[in-house]
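To start, the structure under review is shown below, and the notes come after it.
The values are calculated or read from the model by the stated rules, or taken from the named source; none is laboratory data. Treat the numbers as computed from the prediction; the structure is a model and nothing was measured. Cβ placement follows ideal geometry from the backbone for every residue including glycine, while neighbour counts extend to all protein chains displayed.
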Amino acid sequence: MRALTLGFLIGISLLVLSSCQSTTVRVEFELKKFLNAKGITQTGSKCSRLGNACSHKITGYVDTSVPKKGWPGTKGVETWPVILEQKDNSLTMNKVISSDVCSGNFKEAVLRVHIVDAGGALSSAKLVEDFECLSGANTNIAPNEMQATWSEEKSCQAKFNPDNNRLTFKVRVYALPAASCGRPPARPSGKGH
C-alpha cells in the first residue's frame, strides 16, 4: 500500500511540475506578396532612372521577445537574414520565416521586414520600405505542427509609403517538443503552405 501511495504522489508531483512549465512554441510567418506599385524608394523617387523595376533586397526577422519595441526592435537591421532578392515591383514570395520561444510564455510576435533597392554597379542601396507584421495578441497555439492552421492573409504595416507599398502575410503558432526548440524545421525553409 505504501509503495502505491508513494508512486501515486510522485506521479501527481510530476504532473504538477510539468503543468507549471511554460510551453515551447514555434511562431511561423509566411510572407505572401509584396507590391511596390510605382517602383519607388522611401523618398518617392524612382528606383531606376530608366523606369525599370526595383532590385528589391528583402531582409527580416521574427521578434518574440519585445514585439512592441520601436523600430528596428531587438536586432540591428544589418544583422537580419536575407529573405529574398528579386528585380520586380510585384513579388509573389511564399517564404516562411520562423522563431522558437524556448522559455517564458508566448504572447505575440512581430515580423520586421526591411526592403531596399539594391541598385546596381553604379549606385548604392536605397531604402524602399520598412514593415511590421503583427501576429496579434490572441493567436491560438495549436498542439503541434500537423494541427496548426494558417491565419487569413493580413497586411503588414508600412512605415513610409502605405499607399504604394503593400506586404501580405499569414501566421501560425504551434507547440513544440522542448528537445526541438531552437532547431530548424524538418522541412526546407522558404516552402509556403
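Give me the residue from region 20-51 that is over 15 Å from residue 87 (Cα atoms) and among the β-branched types (Val, Ile, Thr) and, out of that set, surrounded by the most Cβ atoms within 10 Å (Cβ to Cβ).
Among residues in region 20-51 that are over 15 Å from residue 87 (Cα atoms) and among the β-branched types (Val, Ile, Thr), the one surrounded by the most Cβ atoms within 10 Å (Cβ to Cβ) is 27.
With respect to the numbered conditions (1) at pLDDT 90 or above; (2) assigned to a loop (DSSP other than H, G, I, E, B), which one is the sole condition not fulfilled by residue 182?
(1)
Within region 56-78, track down each residue that is under 23 Å from residue 164 (Cβ atoms) and crowded, with 20+ Cβ neighbours inside 10 Å.
Matches in region 56-78: 56, 58, 60.
Checking the condition polar (S, T, N, Q), assigned to a loop (DSSP other than H, G, I, E, B) and either modelled with pLDDT of 95 or more or under 23 Å from residue 65 (Cα atoms) (or both), which residue from 123, 189 passes?
The conditions single out 189.
What is the number of the single condition among (1) closer than 24 Å to residue 184 by Cβ; (2) part of a strand (DSSP E or B); (3) touching a His at 6+ places or on another chain (Cβ under 8 Å) that residue 130 does not meet?
(1)
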